[in-house]
Structures are given as structure tokens and as C-alpha cells.
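To keep things clear, I will list the structure first and then write my remarks on it.
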Amino acid sequence: MSTEKDKNKAVITVVGCDAVGIIAKISALLAEEGVNINDITQTILDDIFTMIMLVDLKGAKSEMKALSDKLDKVGEEIGVSIRIQHTDLFYAMHRI
Amino acid sequence: MITDFEVLETVRMFQEQHLDVRTITMGINLMDCAADTPEKSCQKIYDKITRLAKDLVKVGEEITEKYRVPIVNKRISVTPISIVAAASGAKDYTMFAKTLDRAAKECGVNFIGGFSAMVQKGYTVSDKRLIESIPEALSVTDNVCSSINLASTRSGINMDAVRDMGEIIKKTAEATKDRDALGCAKLVVFANAPEDNPFMAGAFLGPGEPECVINVGISGPGVIKAALETVKGEDLGVVAETIKKAAFKITRVGELVAREASQRLNVPFGIIDLSLAPTPAVGDSVGRILEEFGLEHCGAWGTTAALAMLNDAVKKGGTMASSFVGGLSGAFIPVSEDEGMIEVAEKGFLRLEKLEAMTCVCSVGLDMIAIPGDTPASTISGIIADEMALGTFNNKTTAVRVIPVPGKKVGDQVEFGGLLGYAPIMEVNTASSEAFIARGGRIPAPIHSMRN
């Protein structure tokens, strides 16, 4: 599994009420920022919209902090909580 | 690939369960800062700390940005000042404390530990001077923490020092009485003090440690509590397993942060301290974890058993997650810093005697406990003697950080602010320990110290 570890990848999680255009708005921001989406899973858990994206930051125009701030802003507009975290963190916590 | 469940579990730990790294502590050796005058020595100390730790806060913030993991505190621990200052000829060591304070402020850290001495077998001239300087030193500085090791399993208990520290704690309370005896919140006495502890007030860099080192203290009571909420009513074997798994994950976050900090600062990684460190915030309490075991209130009969299991399971999960575990590593039970503990102390379900029993199985000791201002020094020494005996004779670390608040009585409340929290004044047994404490001398090392 360690081969999947990549220094430039991050996980974006989106949690909140379902609404029109959540994926569109977030994808638009990521495209503008030069962030490539590798994978998306999306589901409705207990009426709560939950989306997990695996993204590649290789070509990203902004640093993690700036990107996170921009995602926060989009999240506020749509009314969902968006969080971006480096993949290393998930591998550290969940893989021996 | 990481599963959706794992991703969401991690996100919840940060968003809802207050998971953070409590402290990145840089240990700095000051042995080479000894000089023949105090002025020269202080200059060397200031220059060395500000040189080595200048990027500590910045790197901590960079790591927070990269992983979105909050790192609450960046701190510094140094060689015990009683060793560093010995050659300087100074009679009063307050200027060394002021130098540490100035260096800490320059680096932007919130605490610096190491205004310390190790006197388990007896005083050097310098140890004595340092101890006598403590009340003044802690009243004129903001960020300096002081710790004194009074006992060890190898050496026994220095009862002269136990007697003197009762007096020093009272004097420190008096010197900082305008701030509810805040000085005492920055002063701790130990048995078997760890030399690589990243947590305050007891952090210092022991003589066996490297030139400069990064030690990391984790946190995470909220994560353990949330994990236990998923196994309500299950037997205690299941509870132990659940704690172990959660502790593993928390520790891995600490290890990731420690390795990254070590690499960025070009300073070796020392240890991860696995302690569950509570804060006064709701949802970040060790007391509430104990209640999740099924106790109506922390302090009820069964609390010691639950704490013993919690402490042990945290260590088992944590040692699987990191090969380099050290410091105090266990559950902290500081009363004023734990919302759950504060409540049960106020309601009278948690008494000093129960806390003493709990310290037999947790990682530290009687911690952040406010007591009446008129408690005699000899009674404080008695409290210390009992706690030192628990550590010395059970081969573990124990500590005392009590705050005799001038003018306050049982039932009053004191507010220390920030992570130090607030506390009700707890009742202390009024029977006198005076003649016992007045004897002085040394309590010999226990028979099981002879392991050679």
C-alpha cells in the first residue's frame, strides 16, 4: 500500500446538507487552482451529503493553507463543511 | 487506498473530538553555557536558546498548515539550571530565570522548563541556591517553569528537600498572591522524573540527553471518549481493545508531526509522550472518559480500576504506534485543567484521598489542585512525602503540583486562565504532619532498587 503514498496528494471531505451544485462549485475551484481530482466517492449518510475526493496537488497554484482557506469560503457559500488534509496523515493513522 | 470510513473517522477526530498535538518541545542542552560569572553565563544561555529555537514556532505552524493538525503549544526544555549556573558563583538564580523568560519570549514559545534541580540523594550548593530562588524567580517571570526531583527508586526520598519544598511552595504562593498563587502552577516536584518529558511544568532536559532534541506530547481524551461511546455495555475486554486502537491512531499523528518537525528543524527526534492531556474545554476531559466506563461520577468507587485500565491500554496502543515512547506517557489527572474533574471536585464526589489512590495507577500525580491558603507548609510536605513514596516504592513517576491560594478557603474558586483552567479549593486533612516532617534525613531506597 505504501506505493500509493504520494507527497503531493490530499483528501478533501465535504459534509453537509445536499444542495444543487456542490460538486460543480468545488470542482470549478479545484480546476482554477490547478488541482487534479483523482477519485471521487459520494453518498448520502443519514440525510447528510458526504463526499470524499482524492486530489493531486502537483500542479497546484496555491499552498495548502491558501487552498484550504478558499475551500472554506466556497463551503460557507454552499453551506457545507469542507476539509482538506494531506494523505500522509491518513496512512499514518490507519496503516501499520 | 484508505477507505471512506477511515477518512471520515479521521475528519471527525479533528472536527468534533478535539484531536490535536499538545506540544512540540525542543530540548536544548545548556551544559556548555556555564561560565565564571552569571552575566557571561546568562548571555550564553540566551544566545544558544534563541539560535537553536528561532524557527520552532514557525515550523510548528508550517506543519499545522500541511496536515491541518492543530499543534497547541511550542515549548522549550533545558538542562537543569542548578547544573548550568553552578560555576557562575551567583548566590541568587533569579537572573537565570529572567534570562530563560526573555529567550522564551524572543522565540515565541509559551513555556520554558528547566529552572530545575535533581536532589533525590542530597543538595549541592547550587541546588540549594536554585531552590531558594524559586519564589522570586516564578513571581518575576511569565513563562518559566520549575521542577525539582526529590526522590527516586534508586536513591530513596530526600526528606530534607521534601520539608524545604513545602516551605518553598508556600513562599511561591505568597509571592504571587495577587495572581491567585499562579507561581505554584508553574512549580512541580517529582519522584523518578523523566528526563525527556515534553509536558509542563515538569519538562527539563536530563544530563543523558543529546545536544538538541524534539519531543512531542500528544493529547486526545475526546477521541478515546468518542470511541468508548461506540461500545456501551460491552465487557471490559472490548473496552480495553477499543482504547488501544484509538491510542494507536492518536500516537501515529504525534509520530508524523514529530518526524516532520525533526526533519524541518534538522534536530533529532527523541520521543513521543503518549499522555492523554485534558483541557478545560468540554469534550477534552479524562474525567469524562472514566465516567464513560459506567461510573456515575469520576471519583466513585471503581474509578481507580477504570483509570488503571485506561492508562495501560493507552500505553499498549501507543507503543505499537511508535518505537520511541518516553516522557510520562499515560493519563493525566490535573484537576483544574479538566472540565470533568472540576465538576466532580466542586460537587464533592472527588476528594484528595481518592486522587492520591488514582495517582498509583496514572502517569503523574496530584496535579493542579488548589488547597486552602492556610494549609501549613508541613502538611504540604506531608502530601509530597506520600506521593514521593508512591513513586519510589512502586517504581514509577509521581509528582505534586498543589496551589495553596492565600486568603481562599474550601468551597472558594480560583481562576488561572487558559490551559491551566480553574479549580475549586479542595479540603485537606487537618491532622498535623509537623513532627514527622521535622525529622528530615533520607528515606532509604526500597529493597527492589537493588537489581544489579
Residue A:72 accessible area, 1.4 Å probe, all protein chains in place, Å² to nearest 10: 70
Gained length - residue B:98 relative to residue B:32, 0.36 nm times residue gap less alpha-carbon distance: 21.9 nm
Stretchable slack from residue B:174 to residue B:54, in nm (0.36 nm times residue separation minus alpha-carbon distance): 39.7 nm
If the convex hull is drawn through the Cα atoms of the protein assembly as shown, its volume per residue in Å³: 157
Span-like helix ranges in chain A, DSSP H, alpha carbon extent 15 angstrom or more, Kyte mean at least -1.0: A:22-32, A:64-78
Members of the range B:65-92 that become less accessible by 40 Å² or more once partner protein chains are added (1.4 angstrom probe, chain alone as reference): B:65, B:66, B:67, B:68
Carbon + sulfur, % of accessible area of the range A:2-94 - ligands and nucleic acids excluded, 1.4 Å: 50
Whole-number accessible area per residue in Å² for the range B:197-351, which is evaluated in the context of all protein chains at 1.4 Å: 34
Protein accessible surface hidden between A and B, which excludes ligands and nucleic acids, total in Å², probe 1.4 Å: 2500
Value of D in µm² per second that Stokes-Einstein yields for the range B:336-452, Kirkwood Rh from Cα pairs, at 20 °C (1.002 mPa s): 140
Peptide-level mean, for A:57-64, of C-beta atoms on other protein chains within 10 Å: 1
Two-decimal log10 I(q)/I(0) for the range B:228-385, as the Debye equation yields it once each C-alpha is a single scatterer, q = 0.12, 0.13, 0.16 Å⁻¹: -0.57, -0.66, -0.92
Delta accessible area of at least 50 Å² on complex formation, residues of the range B:10-42, 1.4 Å probe, chain isolated as reference: B:10, B:11, B:15
Heavy atoms of residue A:32: accessible area, 1.4 Å probe, square angstrom to 10: 120
Spread of Cα-to-Cα distances over 10 Å intervals beginning at zero, given as percent, for the range B:361-429: 20, 46, 29, 5
Apportionment of accessible area to carbon and sulfur, the range B:27-191, percent (1.4 Å): 50
Greater than 21 Å apart at Cα, pairs in B:58/B:245; B:121/B:396; B:40/B:91: B:58/B:245
Shape of the range A:2-94, Cα gyration tensor, a/c cut at 1.5: oblate
Hits among aspartates and glutamates - C-alpha to C-alpha of residue B:66 under 12 Å, sequence gap 8 or more where chains match: A:63, A:88, B:260
Cα-based shape type of chain B, given that a ≥ b ≥ c are square roots of the gyration tensor eigenvalues and the cut on a/c is 1.5: oblate
Heavy-atom surface of the range B:1-43, accessible at 1.4 Å and reported per residue (Å²): 39
Simple spin-label estimate for residue B:360 and residue B:266 in nanometres, 7 Å along Cα-Cβ: 5.2
Distance (nanometres) between label positions extended 7 Å along Cα→Cβ at residue B:8 and residue B:374: 5.9
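The values are calculated or read from the model by the stated rules, or taken from the named source; none is laboratory data. These numbers were taken from a predicted model, which means no experiment stands behind them. Counting neighbours? That spans all protein chains shown, and the Cβs are built from the backbone with ideal geometry, glycine included. Accessible surface areas use protein heavy atoms only, side chains included; no ligands, DNA or RNA. Shrake-Rupley method; radii C 1.70, N 1.55, O 1.52, S 1.80 Å.
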